Amino acid sequence: MRSLSDALHPARRWMVVLGLAEFAVLFGAFHLAVWIRFWGDDALAAQAFGAVMPRALVFTSVQVLAMAALGMYVMYTREGVRGYMVRGLVAFAVGGLALVMLQYLIPGKTIGRGVMAMALALGWLAVIGLRWLALHVVRAELIKRRVLVLGTGRRAKQLDARMRRRAERRTFQVVGYIPMKGDTPEVEEAQWIENGRSLVDIVEDLDIDEIVTAPDEQRGALPLEALMQCRLRGVEITDMAQFFENESGRVNLTLVRPSWVVFAEGFDAGSTRAATKRGFDLIMASLLLLLASPLMLLTALAIVLESGPRAPILYRQQRVGLAGRTFNVLKFRSMRTDAEADGKARWASSDDDRVTRVGKVIRKLRIDEIPQVWNVLEGSMSFVGPRPERPEFVRELAEKIPYFSLREAVKPGITGWAQIRYAYGASVEDAREKLSYDLYYVKNHSLVFDLMILLQTCEVVIFGKGAR
C-alpha cells in the first residue's frame, strides 16, 4: 500500500471531485430528461412512473458504476477526449442494458424508454463536456503522473529527447533522473536526483507514481530489492521501451528485441478476441454498405462518365493478409487503366499523374476504399487493422525492416492506427515509421481501441488528413 499521505495527493482529490461532479450532472441529466419528456408537468411525470428522485439516484448510480467498470476513473490515463467518448459510449450502453434488466427484476420501478434514452444521451454529452474541461482547462502539472527515471546515460538521454514534445508529455512529468552504475552521463546534471538516500525514501519524498528503468548497463545495475519495495507500495515499474510505447502510441523499433515479442503483454490472439473482432467487422461492414450504397452508385457513375462505359469501375489487386496469405482487394478505380502497363509495381506519390480527376476526389475523401467492405464480409480483411500491402512491397520491406512480418499477425484493415496517425507512406522510411504504429496496434488491439480508431477515422475523412 502507498503511504497515508497519498490519500491527500492532489490528483486523487481531483479524481474524487470529478466523480462527484459527474454524479451531479448525471443526476441533473435525468431530471432534465423527465422535464423534456413531460413538458415540465411534475404531476404528469408522477402519474406516468412515480417519484422521480429515487429513479434518478438509481440511474446515476448505475451509470457511474458502469463508467468505473470501463476504466473511466483510472487516476492517470493516457487517453484524450476521443478515448473518453468511446469508453463513455460503451459504458452508457452497458449501463442502459443494466437499467433495463433492473426494471424487470424490480417491478413497479420502471423509468420509461423515452426518459431513459434522453437521459443517456444528455448524460453522455455532459460527461464528455466535463472530461474536455478537465483535460484542456483544469489540467495542470499537479494532476499528471510523477515519473522518476533510473539512468542518466545514453538510453535515458534518448528517452528524454524522444519525449520532449508537449503532446507526448500531456499525462506525465519527469521529476528527475537517478544515476546508475555503468552510465556515461549524458542527461543534464541539473535534472539529476541526489541518490544518497534509499530509492524508497526518494519515491515517498517526491510522491513518485511511476519509475522508468533506463540504465545503459542492463546487468546488475538495477536495485531490484528497492524496486520490489516500491512496487509493493503501488508504484508502477516500467522499462524504457514500454514507457515509450505507452506515451507515444507506437513501438520504438530501435528498442525491440525478440524477447519483447515472447514476453511482452498483449498480442491477444485468443478465441474470445477473435469472435468479438469478427462480430464487430460484420456489424460495421454491413452498416457501412447500407449507408454508403447511394454514394457508391454515384461514384460508379462518375467513373463511367469520365472513362467511358468499357473502362472498369472497380479494380482488383493482390495484397498480403493474415499470416502472409494473399487475397484480391477491391477498390474503386482511381488511376488510369494503363497506370502500370509495364507490369512494374510503383509506390503512390503526391500529385501522382496516374490518378484520374474523379480519382483525386475519391482518394481525398477515402471513397475509393469503400468496396473493401466486401473483403471484410468474406473474411479476408478486418474493418480495423494494418494497411494491406502488395506482395512485391512486402518482400522488399521485410528484407529492409526488422519485424515487418509481425503486422501479419492480424488481418489487414480498411482503416487502422497507422493510417490515421501517419500520412500515406511512399518510401521504405515511411513504411518503417508506419510499422511502429502497426505493431502498437497488433500488440494492443481491443474492441474499445477499434472504436476509438473509427472515431478518429471520421475526423481524418472529414478534414482530408493523410490522403493521397
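Since every read-out is calculated from the coordinates, none of them should be taken as a lab result. Note that this is a predicted model, so its numbers are computed, not measured. Methodologically, a virtual Cβ is constructed for each residue, glycine included, from the backbone with ideal geometry; neighbour enumeration extends over all protein chains shown.
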What does the net charge come to around Thr276 if you take all other residues with beta carbon closer than 15 Å to its beta carbon, with K and R at +1 and D and E at -1? +1
Leu57 and Glu306 label points (each 7 Å along its Cα→Cβ direction) are spaced in nm at 6.4
Kirkwood Rh, Cα Rg: Rg to Rh for the range 144-248? 0.92
In percent, how large is the relative contact order of the range 172-309, given Cα pairs closer than 8 Å and 6 or more residues apart? 16
Once label points are set 7 Å from the Cα along Cα→Cβ at both Leu377 and Arg278, what is their separation, rounded to one decimal in nm? 1.8
Residues whose built amide H sits under 5 Å from the amide H of Lys331, excluding neighbours closer than 5 in sequence, are Tyr315
I'd like the distance separating the alpha-carbon centroids of the range 407-457 and the range 354-382, in whole Å. 17
Based on other C-beta atoms within 10 Å, arrange Phe27, Phe449 from fewest to most. Phe449, Phe27
What's the exposure ranking of Cys230, Cys458, going from fewest to most Cβ atoms within 10 Å? Cys458, Cys230
The FRET efficiency for Val262 and Ala43, from their Cβ-Cβ distance with R0 = 45 Å and rounded to 0.05, is 0.10
To the nearest 20 Debye, how big is the dipole of the range 144-248 about its Cα centre, given +1 on the beta carbon of each Lys and Arg and -1 on that of each Asp and Glu? 400
Of Pro179, Leu159, Thr238, farthest towards positive along the dipole that unit charges on Lys, Arg, Asp, Glu beta carbons give the range 144-248: Leu159
In what sequence do His136, His445 fall when counting other Cβ within 10 Å, fewest first? His136, His445
